[in-house]
1. Does M211 fit the bill of being modelled with pLDDT under 90 and either among the aliphatic types (A, V, I, L, M) or out of contact with any strand residue (DSSP E or B) (no Cβ under 6 Å at 6 or more places or on another chain) (or both)?
2. Output yes when any residue across region 190-204 is outside any loop (DSSP other than H, G, I, E, B), buried (at least 18 other Cβ atoms within 10 Å of the Cβ) and at pLDDT below 90, and no when none is.
3. Filter region 313-337 down to residues that are aromatic (F, W, Y) and open to solvent by less than 90 Å² (accessible area, probe 1.4 Å) and give me whichever is nearest to M270 (Cα to Cα).
4. So which of T163, T140 ends up being out of contact with any Leu (no Cβ under 7 Å at 6 or more places or on another chain) and either open to solvent by 20 Å² or more (accessible area, probe 1.4 Å) or at pLDDT below 80 (or both)?
5. Cβ contacts < 6 Å: first residue within 21 Å of R246 (Cβ to Cβ), restricted to region 256-271; second residue basic (K, R), any location; separation 6+ or different chain. Result?
6. From the list K49, K41, exactly one residue is touching a strand residue (DSSP E or B) at 6+ places or on another chain (Cβ under 8 Å), more than 28 Å from L117 (Cβ to Cβ) and assigned to a loop (DSSP other than H, G, I, E, B). Which is it?
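The values are calculated or read from the model by the stated rules, or taken from the named source; none is laboratory data. Please read all numbers here as calculations on a predicted model, not as lab measurements. All Cβ positions, even for glycine, are placed from backbone atoms using ideal geometry, and neighbour counts span all protein chains on display. Please note that ligands, DNA and RNA were not included when accessible areas were found on the heavy atoms of the full protein model with its side chains. Shrake-Rupley method; radii C 1.70, N 1.55, O 1.52, S 1.80 Å.
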Amino acid sequence: MATPNNLAFIGEWFKNDTETVQQLIVSFYPSEKAIELFERKTKKVILHKTKIEDLSQSDFFVGAKLLIFGKQINIIGYGDSYTKLKYGNEQRIFIMVFSEALQHIGEILHAITKNDLHIRQLNMLKIDDNYSWILKNFCTEQSELSYFVDNIPSNSFVAMELTGDNSYIRFKVLCGHANSSDGANISASTTLRALYGTGIYFSNSAISSNMESKLIFSNNDVRLCLKSSVLLKNSTLCIIKPHAVRQGLTGEIITQILEKGFIVSAMKMMRFERANCEEFMGVYKGVIPEFEDIARITRPHTLRAQFGQNKILNAIYCTDLEEDTMLELDYIFKFLP
């Protein structure tokens, strides 16, 4: 049971040895960065309260995938009324970044995390012309979504779901007025729209914003007509690792990639299942040698030197062989959900 000192969640742990799913109560103590695991039915202790430095409260939400001492635990619900009430008041809002603002997606992501808003879902999408009629149907069947659907760009855009306490009002202040010609860019020169242009869509109400997020990220019909913008050819893969994401470094890393002249043609936030990690990285097992930690000395301006901590927590993964590029991009952007 949760108290003001801890939060309780229901988690599922797939046990490989018996191929069964065990439900757990996952208790997290934010001030101590500690976690406890109990078997849900019997209350048997699976893990006594243990401090884990890498965990923070933002890692805990319904849908999260946690790796605790080699155990992948999927958070599927709230463990008690206190936690449900606390997270039930957390607003989920939807935004789109497109047009000229896409050139500054790194700075926009950095500003979002700096303002203590959490990115729960992110995907760069493009309308599939073969299924565009599905979107038109929403305009006629659900009038409250017509304005939003009409504002979905025909070219690539980044869709995001953000969460946080009072997140709608806070992002509204951060984003700024939709019309940059009305003087808002002078009176509020640090807003996102003043800095990076009006290519940022944000709903006119918190209720509408929540509906839009569900439409883009959860509606199966809409997911048919919004496809990944991945190009596959003349491309390479870069994965920003979980520790860098948790530290709020995603925006800074993307900004540096863009400043070096690269074009980000596809992007998605995902949470790897353990099995997918093993499958994806299996080709490197027993192949990669142990290198000395000299990147900060020999190549101090590289992303790994600037944002990495060691040879494991080295901030990013990138495709090392050109012939593997298409295979890896296809696996990440087409095979995995």
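1. In short, yes.
2. The initial filter retains those residues of region 190-204 that are outside any loop (DSSP other than H, G, I, E, B), namely 192-196, 200-202.
Within this subset, residues satisfying the condition of being buried (at least 18 other Cβ atoms within 10 Å of the Cβ) are 192-194, 196, 200-202.
Among the residues that remain, those that are also at pLDDT below 90 are: none.
Within region 190-204 (the criterion being outside any loop (DSSP other than H, G, I, E, B), buried (at least 18 other Cβ atoms within 10 Å of the Cβ) and at pLDDT below 90), the answer is no, since none of the residues qualifies.
3. F333
4. Values: T163 fails: either open to solvent by 20 Å² or more (accessible area, probe 1.4 Å) or at pLDDT below 80 (or both).
Within the list T163, T140, the selection yields T140.
5. These pairs meet every condition: R271/K65.
6. Working: K49 fails: assigned to a loop (DSSP other than H, G, I, E, B).
Every option except K41 fails the conditions.
Table: residues versus (1) surrounded by 13 or more Cβ atoms within 10 Å (Cβ to Cβ); (2) at negative phi; (3) within 14 Å of the chain's Cα centre (by Cα); (4) in contact (Cβ under 8 Å) with a residue 12 or more places away in the chain.
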{"residue": "H48", "(1), (2), (3), (4)": "no, yes, no, yes"}
{"residue": "K65", "(1), (2), (3), (4)": "yes, yes, yes, yes"}
{"residue": "F69", "(1), (2), (3), (4)": "no, no, no, yes"}
{"residue": "E90", "(1), (2), (3), (4)": "yes, yes, no, yes"}
{"residue": "F94", "(1), (2), (3), (4)": "yes, yes, yes, yes"}
{"residue": "N123", "(1), (2), (3), (4)": "yes, yes, yes, yes"}
{"residue": "I127", "(1), (2), (3), (4)": "yes, yes, no, yes"}
{"residue": "P153", "(1), (2), (3), (4)": "yes, yes, no, yes"}
{"residue": "S156", "(1), (2), (3), (4)": "yes, yes, no, yes"}
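Condition check ((1) modelled with pLDDT of 95 or more; (2) outside any strand (DSSP E or B); (3) farther than 17 Å from G164 by Cα) across all residues:
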position	(1), (2), (3)
D54	no, yes, yes
Q72	no, no, yes
K84	no, yes, no
I93	no, no, no
G106	yes, yes, yes
Q121	no, no, no
L125	yes, no, yes
